[in-house]
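J.: Structure below; questions to follow.
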Amino acid sequence: MTDTLILLCAAAGTAGSVLAALWHCRNRTRLAHLASQQTSIAINHELKQLLGKIQQHRGMASGYLNGDASFKYKISALQAEIGRETEQIAKRLHALPAHRGGFEAIESHWRSLSPTVLHGTREQSFDNHCQLIAAVLDLMRDIAERSQLHRDSACPFGFVEIVWHLLPDTAEAIGQTRAIGTGIAAAGRSLSTERIKLGYLLTRIRNAAERLESGIARTPSAMAGAEFRHSFGEVRQRIDSLVGDIEQQLLASERPAIDPAGFFEHATQTLNGVFDLYDRAEAAANRELQTRLAGAARLGRQSLATLLLGVTTAAAGILPLAL
């Protein structure tokens with residue numbers, strides 16, 4: 001082999017190695033980003049579960065503070081579940097240190113709320129719960145936004161808006177309605193301020209349902225297929241049924257005669273339907289991420305093989321010159 005050919009081989013190998021190294025680094029960065037997105041979805045799933053439990057706690061506390069003592073022991077058991085949930089999420093957030101401060105504030109709020117919930121006023125309990133839930137919703141949105149789930153079209157921006165904004169907000173409006181309605185049912189009477197709040201919440205629920213319907217209609221079928229759209233149709237019927245019952249049974253009379261446990265269960269089933277939609281949408285996002293992770297891993301292996309080939313070629317050219 002002539003010196004010129006050796007030099008050309010070494011130069012080609014070196015240039016190839018540099019390009020392969022850049023390609024491999026880019027693939028590793030993308031793989032790490034996708035893995036971080038997957039972690040964000042998993043943590044938001046746990047935050048969604050925590051959200052549901054705190055909403056349930058608010059509703060039970062409202063029933064108890066309005067005179068229904070049957071909720072007392074259910075509250076104790078639920079508080080233990082929430083305690084375990086917060087500990088688990090705190091551990092998981094070591095993978096997302098940017099959000100640990102936000103969750104520590106949520107933990108602190110819960111520790112101050114839970115021991116006093118059965119001894120304060122109805123208004124204090126409702127407001128404190130709403131503030132705590134607002135903090136959980138803000139953290140979920142922040143995690144979804146920072147993870148850039150819409151990047152590379154893994155999840156269209158509109159779909160991200162549906163899953164981590166509209167669905168949780170709809171659930172919270174229903175959760176507030178459940179708490180106020182359960183309290184009215186337990187007390188057997190309603191104040192004008194409570195009826196005003198319920199009226200506002202019903203408007204909020206209707207608007208949220210319309211925005212969901214519009215957003216889902218614009219979402220590609222790969223993310224929200226026929227089954228998802230059918231499930232939304234069923235949930236929309238439940239929401240309409242709950243809204244109708246509230247108007248007829250709670251707002252039509254200052255002294256409604258409605259079983260608090262029965263109303264709580266009806267609202268809970270509606271709320272569970274919204275959370276089921278969240279789970280379905282989250283599963284679709286995870287499937288898309290899994291596909292992209294598999295592709296990124298495959299490219300990572302290819303780029304590593306190309307890098308090794310370049311290094312070998314460069315070494316084959318350089319060694320004869322050194323000898």
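The values are calculated or read from the model by the stated rules, or taken from the named source; none is laboratory data. Predicted model, so just to flag it, every value in this text is computed and none were measured. Glycine also receives a Cβ, built like all others from the backbone with ideal geometry; neighbour counts cover every protein chain displayed. All accessible areas refer to the heavy atoms of the entire protein, side chains included, with ligands and DNA or RNA removed. Shrake-Rupley method; radii C 1.70, N 1.55, O 1.52, S 1.80 Å.
J.: Quick check: net charge around ALA267, other residues with Cβ under 13 Å of its Cβ, Lys/Arg +1 and Asp/Glu -1?
T.: -1
J.: Among PHE103, SER221, ALA209, whose Cα sits farthest toward the positive end of the charge dipole of the range 99-252 (+1 at Cβ of Lys/Arg, -1 at Cβ of Asp/Glu, about the Cα centre)?
T.: Checked the options; the winner is ALA209.
J.: Still on this structure, I have one more. Counting Lys and Arg as +1 and Asp and Glu as -1, what is the net charge of the other residues whose Cβ lies under 14 Å from the Cβ of ALA284?
T.: Value of the local net charge: -1.
J.: Also, I was wondering about something else. If contacts are Cα pairs under 8 angstrom and at least 6 residues apart, what is the relative contact order of the range 38-86 in percent?
T.: 38 percent
J.: Excluding same-chain residues fewer than 8 positions from LYS72, which lysines have a Cα within less than 27 Å of its Cα?
T.: Once the sequence-local lysines are set aside, what remains near LYS72 is LYS48, LYS53, LYS197.
J.: Sort out for me the Cα centre separation of the range 186-264 from the range 37-109, rounded to whole Å.
T.: First find each Cα centre; the distance between them is then 23 Å.
J.: Once neighbouring chains are kept in place and the probe is 1.4 Å, which whole percent of the accessible area of the range 108-168 is contributed by carbon and sulfur?
T.: 49 percent
J.: Order these peptides, 113-120, 42-49, by their mean beta-carbon neighbour count within 10 angstrom, highest first.
T.: Top of the packing list down: 42-49, 113-120.
J.: May I ask you to derive the relative contact order of the range 29-151, considering only C-alpha pairs under 8 Å and at least 6 residues apart, and to give it as an integer percent?
T.: Taking the mean separation of contacting Cα pairs over the length of the range 29-151, I get 39 percent.
J.: Please list, by residue number, every one of the trypsin sites (Lys or Arg not before Pro) in the range 162-221 that is coil in DSSP and has at most 13 other beta-carbon atoms within 10 Å.
T.: Listed in order of number, the matching sites are ARG189.
J.: Also: So what is the relative contact order for the range 135-271, in percent, with contacts set as C-alpha pairs under 8 Å and at least six apart?
T.: It comes to 37 percent, rounded to a whole number.
J.: What's the Kirkwood radius of the range 82-231 in Å, using all Cα pairs?
T.: So the Kirkwood estimate lands at 17.7 Å.
J.: Okay, next question. Return the distance in nm (one decimal) between the two label points of a simple spin-label model at GLU247 and CYS25, each offset 7 Å from Cα along Cα→Cβ.
T.: Simple spin-label model gives 6.2 nm for this pair.
J.: Another question, if that's okay. Once you have the Cα-Cα distance between GLU107 and GLU234, take 0.36 nm times their residue separation minus that, and quote the gain in nm to one decimal.
T.: 42.2 nm
J.: Extension gain THR203-ALA261, at 0.36 nm per residue separation less the Cα-Cα distance, in nm? Provide the component values of the computation, followed by the final result.
T.: On the way: separation 58, 0.36 × 58 = 20.88 nm, distance 2.40 nm.
Full extension of this stretch gives 18.5 nm more.
J.: Arrange the peptides 272-280, 179-187 so that the one whose residues have, on average, the most other Cβ atoms within 10 Å appears first.
T.: Ranking the peptides 272-280, 179-187 by packing returns 179-187, 272-280.
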